[in-house]
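Worksheet: the structure to be examined is printed underneath.
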Ligand code: UDP
Ligand code: MG
């Protein structure tokens, strides 16, 4: 059982394809409460810091260029078992392997352009939330 908080981003490709509304609808329907939210645009440097856990990997350059290529929606979501339940809602990293009905199955274009981010642990959910939001921006 994980904690009550996870962190998500609607990635540039999904924003560009006008999927903010449908994705937020699925998040609401799955029982998550939006605790914080912003529409913003990462710099390349910020994307490199956010994804620093992946530094050195083959996809790091493409990932950070893509994540700074256009606006994103960042949000903190609350629900019991938030991290695991959200990973289930979004589906596998590679949309070809994602379950039917998951956000990535429905809205991703490819592994690199996979529509949404979801934290992989309670610890990272806190680190990622703190990267984007101050205490005053949480409700
Ligand atoms: N990624 C990629 N190629 C890979 C692995 C990952 O382009 O071989 C991208 C993909 O957009 C993924 C992000 O890097 O969402 C972070 O990778 P991670 O393994 O953390 O996947 P996630 O937690 O997002 O499912
Ligand atoms: Mg990850």
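If the chain linking residue 124 and residue 139 were pulled fully straight, counting 0.36 nm for each residue of separation and taking away their Cα-Cα distance, it would gain 3.4 nm.
Give me the number: length gained by fully extending residue 57 to residue 4, i.e. 0.36 nm times residue separation minus the C-alpha to C-alpha distance, one decimal in nm. It would help to have the intermediate numbers written out before the result.
Values: separation 53, 0.36 × 53 = 19.08 nm, distance 3.03 nm.
Result: 16.1 nm gained on full extension.
Note on residue 94 and residue 46: their simple-model spin labels are 3.2 nm apart, each label 7 Å out from Cα toward Cβ.
Per the helix-only calculation at 222 nm, which mean residue ellipticity applies to the chain, given -39500 (n - 2.57) for every DSSP H run of n ≥ 4 and division by its residues, nearest 500 deg cm²/dmol? Don't skip to the answer; put the middle values down first.
Values: 7 runs with 55 residues, N = 139.
Calculated at 222 nm, the ellipticity per residue is -10500 deg cm²/dmol.
Any read-out appearing in this document is the output of simple, stated calculations on the displayed coordinates, not a laboratory observation. Only a predicted model underlies this, so the values are computations on that prediction, with no experimental measurement involved. So basically every Cβ, Gly included, is an ideal-geometry build from the backbone, and we count neighbours across all protein chains shown.
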